[in-house]
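Take a look at the structure below.
The values are calculated or read from the model by the stated rules, or taken from the named source; none is laboratory data. Fair warning: this is a prediction, and the values are worked out from it, not measured in the lab. Cβ sites come from the backbone with ideal geometry, for glycine too, and all protein chains shown count toward neighbours.
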Amino acid sequence: MTQARELVRVPAPDTDASGTAPVAGPLLQVGGVTLQYKTPDHLVTATYRVSFDIYPAERFVILGPSGCGKSTLLKAIAGFINPVEGKILLKGRPVTGPGPDRMMVFQEFDQLLPWKTVIQNVMFPMRENGVPRAEARARAHDAVRRVGLAEFVDVYPHMLSGGMKQRCAIARAMAMKPDVLLMDEPYGSLDALTRRRMQDELLQLWDDIRFTLIFVTHSIEEAVIVGSRIAVLSPHPGQVRAELNSPGFAHDARAGLAFQNLVNHISGMLFGDDSNHTSR
Ligand code: ADP
């Protein structure tokens, strides 16, 4: 297992190791993005001049303390909020609003439509976006099977556990075949054991499909487990403090020294010391 390396503004590669074949450029570019909320009384700056590039099939984690602007950043990438400064480009084109190329999974368990079954929930956005019924059904069944809900296709959300609802929300997003899957603290409301299982399932799903993921969390351990690259944001207003690679940790490596060292290193960055302040 390789040791974690810190990446500070590594320039985008434009050729492969042989120096000839072009390497795919960034899928998503966030450049100098400042995000603000205007309230009747004051202006809240959520992020200040945040920049990073995300490449295809990366598992990119945005990590930082509560209130540092992680969710706001994700909403801007989703197209719900416009930057007051800077640019967000997807495949080189400016993000100007929400689109089916960026599907979001939230923390809340009530993101499914309660009057629709699992399969109907998963089919819904595809049907809304003009996917023919037969194709939508086939894609929905495939997505539901991948997240382990094949036996629950005709079940309504109120009969599902929290973890199963999140699996359904993930299947619904993935069935749309988005360019990027956006996840905003998706496991924040789950108990520790379910959360750990869901993290492993997400990694398994990524192994199967190799999608591009942007995952927001305030948990250092979760960031290190889920991410292949981690942007560490400073406290409010959020600025990128560092970008790090995570080598990927198999289940039994998470008790090991390399894992703890990386967690402690990030903890030191966030809290100004090297003690283990993991926020779970
Ligand atoms: P995080 O996801 O890192 O916890 P948020 O993106 O939710 O942080 O919030 C960043 C900052 O923006 C915080 O100071 C928060 O209070 C503020 N904020 C978030 N949403 C709103 C809103 N709708 N109106 C005004 N301020 C907001």
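Can Met103 be described as modelled with pLDDT of 95 or more, outside any strand (DSSP E or B) and more than 16 Å from the ligand (Cβ to nearest atom)? Taking the combined requirement at face value, the residue does not satisfy it. Among the residues making up the range 53-84, those that are among the polar types (S, T, N, Q) and either assigned to a helix (DSSP H, G or I) or near the ligand (Cβ under 7 Å from one of its atoms) (or both) are Ser66, Ser71, Thr72. The number of residues in the range 203-223 being under 13 Å from the mean Cα position of the chain (by Cα) and either buried (at least 22 other Cβ atoms within 10 Å of the Cβ) or closer than 22 Å to Tyr55 by Cα (or both) comes to 11.
If you go through the range 243-259 and pick out every residue that is among the aliphatic types (A, V, I, L, M), surrounded by fewer than 17 Cβ atoms within 10 Å (Cβ to Cβ) and within 22 Å of Ile54 (Cα to Cα), you end up with 0.
Only one of Gly32, Gly97 is outside any strand (DSSP E or B), in the same structural domain as Leu244 (by TED's automatic domain parsing), more than 10 Å from the ligand (Cβ to nearest atom) and loosely packed, with under 13 Cβ neighbours inside 10 Å. Can you tell me which? Residue meeting the stated conditions: Gly97. Part of a loop (DSSP other than H, G, I, E, B), within 16 Å of the ligand (Cβ to nearest atom), surrounded by fewer than 22 Cβ atoms within 10 Å (Cβ to Cβ) and modelled with pLDDT under 95, is that true of Pro40? Yes; evaluated as a whole, the condition is true for this residue. Being over 22 Å from Gly188 (Cα atoms), touching a residue at least 24 places away in the same chain (Cβ under 8 Å) and in contact with a strand residue (DSSP E or B) (Cβ under 6 Å, 6 or more places away or on another chain) holds for only one residue in Leu213, Leu244, and it is Leu244.
Here is a yes/no grid of residues against (1) touching a Lys or Arg at 6+ places or on another chain (Cβ under 8 Å); (2) within 16 Å of the ligand (Cβ to nearest atom):
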residue: Arg137; (1), (2): no, no
residue: Ala171; (1), (2): yes, no
residue: Ala175; (1), (2): yes, no
residue: Asp191; (1), (2): no, no
residue: Thr194; (1), (2): no, no
residue: Asp200; (1), (2): no, no
residue: Phe215; (1), (2): yes, yes
residue: Arg229; (1), (2): yes, no
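For Ser71, the conditions (1) surrounded by 15 or more Cβ atoms within 10 Å (Cβ to Cβ); (2) more than 22 Å from Glu222 (Cα to Cα) all hold with the exception of (2).
Scanning the range 132-175 for residues that are surrounded by fewer than 20 Cβ atoms within 10 Å (Cβ to Cβ) and part of a loop (DSSP other than H, G, I, E, B) gives Pro132, Gly148, Val153, Asp154, Val155, Tyr156, Leu160, Ser161. Filtered by the rule that a residue be surrounded by fewer than 19 Cβ atoms within 10 Å (Cβ to Cβ) and touching a residue at least 60 places away in the same chain (Cβ under 8 Å), the range 176-202 gives Pro178, Asp179, Gly188, Ser189, Ala192. Does any residue of the range 113-129 turn out to be surrounded by 14 or more Cβ atoms within 10 Å (Cβ to Cβ), modelled with pLDDT under 95 and in contact with a strand residue (DSSP E or B) (Cβ under 8 Å, 6 or more places away or on another chain)? Checked the range 113-129: no residue is surrounded by 14 or more Cβ atoms within 10 Å (Cβ to Cβ), modelled with pLDDT under 95 and in contact with a strand residue (DSSP E or B) (Cβ under 8 Å, 6 or more places away or on another chain). Could you please give the count of residues in the range 106-131 that are in contact with a helix residue (DSSP H, G or I) (Cβ under 8 Å, 6 or more places away or on another chain) and in a loop (DSSP other than H, G, I, E, B)? The qualifying residues number 6.
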